[in-house]
Structure formats: C-alpha cells, structure tokens
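The values are calculated or read from the model by the stated rules, or taken from the named source; none is laboratory data. Because the structure is predicted, anything quoted here is derived from the model rather than measured. Note: ideal-geometry Cβ built from the backbone for every residue, glycine included; neighbour counts use all protein chains shown.
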Amino acid sequence: MQSLGSVEALADTGLAGDRYAATTNGRASGKHDPTRQVTLIESENIEYFFGQTGHRLAMPDSRRNIVTAGIRLNDLCGRHFQIGGALFEGLELCEPCNPLKRRTHPELVRVLRHRGGLRARILQGGWVSVGDTIHVQPASLRDQSAFAFG
C-alpha cells in the first residue's frame, strides 16, 4: 500500500492502480464484487486502537483505501456520498479480519470490532484527493439514477 495525493475512482470497478480494480484478473476485479471496490476507515478509530492498546497502527497498516476524519462511517451504510468528483454507496461495515490481525497486532480484531471501516461501491467515477470533504446525499436522493456535481 502507498499513500497518494489523489486517485481516480473508476465507476463499478475500484480505485485506479488497486489490485481489486485490475481488469486482467477477473477474480480480483471489483467489477465482480462491489464490496471490494473501496474501503474506508476513520483516523479516529486508528487513534482509538492506540489508546486502547498502546500500539501504533500506521495508516497503511489498516489496509483501507481511504482514511477519513470527522465523519462516522458506520452511519454511511446504505447511503450515497460524494468525495471529490466521485459518488459512492456505503454497502457494509468492513470488519477487521484475522489476516490483518496477524500482520499487525493480536488485539486488532477485538478492539476495532464495528470500528474497522466501511466497504463502498463506486457509483460514478471521478478524482478523489487528500483533503476532499465527504458530502452525504440526502436519503430522498438515494433512488435517483443521476446526480449533478458542482
């Protein structure tokens, strides 16, 4: 994993350069599994882990694509939200897993249960950059097929 200043979110695929967005390997492609297109985690939960265990979890160690601040991602399940020029749909919580625990710290799964982030699908592609604000779409817009950015 590497930190980028900006990345292109590809509709119904994933983030450009991510292994799940690869089109050469159908099994890894986000097109075949919308829950693999984008994962997000709150920086506050990474800090919570440190507060509970005394062990630092570097942002890339979380294995999430986007690190957020100031928004509760759990509240975005079933909601549409915009980051930069891309539109996303929150699908499900991204709970920490045992392979991640083995790579980081034995307490990870217990401490970050229901704090591990969010899996999202990319509804409309666009560029996402560090510092972009997350704009949650009103629930009444959820069933509309087109959104205007601006």
Q. Only one of (1) modelled with pLDDT of 90 or more; (2) over 20 Å from I122 (Cβ atoms) fails for P60. Which number is that?
A. (1)
Q.
Given the criterion under 13 Å from the mean Cα position of the chain (by Cα) and on the phi > 0 side of the Ramachandran plot, identify the matching residue among G84, G117, G90, G78.
A. G117
Q. Are any residues in region 1-26 part of a loop (DSSP other than H, G, I, E, B) and either modelled with pLDDT of 90 or more or of a type in the set (A, V, I, L, M, F, W, C) (or both), and if so, which ones?
A. M1, L4, A11, D12, T13, A16, A22
Q) What number goes with the only condition from (1) part of a helix (DSSP H, G or I); (2) within 19 Å of V130 (Cα to Cα); (3) at pLDDT 90 or above that I71 does not pass? A) (1)
Q: Scan (1) out of contact with any Asp or Glu (no Cβ under 6 Å at 6 or more places or on another chain); (2) at pLDDT 85 or above; (3) surrounded by 17 or more Cβ atoms within 10 Å (Cβ to Cβ) for the single condition I83 breaks and write down its number.
A: (1)
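A quick yes/no check of all residues on (1) modelled with pLDDT of 95 or more; (2) within 16 Å of V130 (Cβ to Cβ); (3) in a strand (DSSP E or B):
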residue: A28; (1), (2), (3): no, no, no
residue: T35; (1), (2), (3): no, no, no
residue: T39; (1), (2), (3): no, no, yes
residue: N45; (1), (2), (3): no, no, no
residue: G51; (1), (2), (3): no, no, no
residue: R56; (1), (2), (3): no, no, no
residue: R64; (1), (2), (3): no, yes, no
residue: L87; (1), (2), (3): yes, no, yes
residue: G90; (1), (2), (3): yes, no, yes
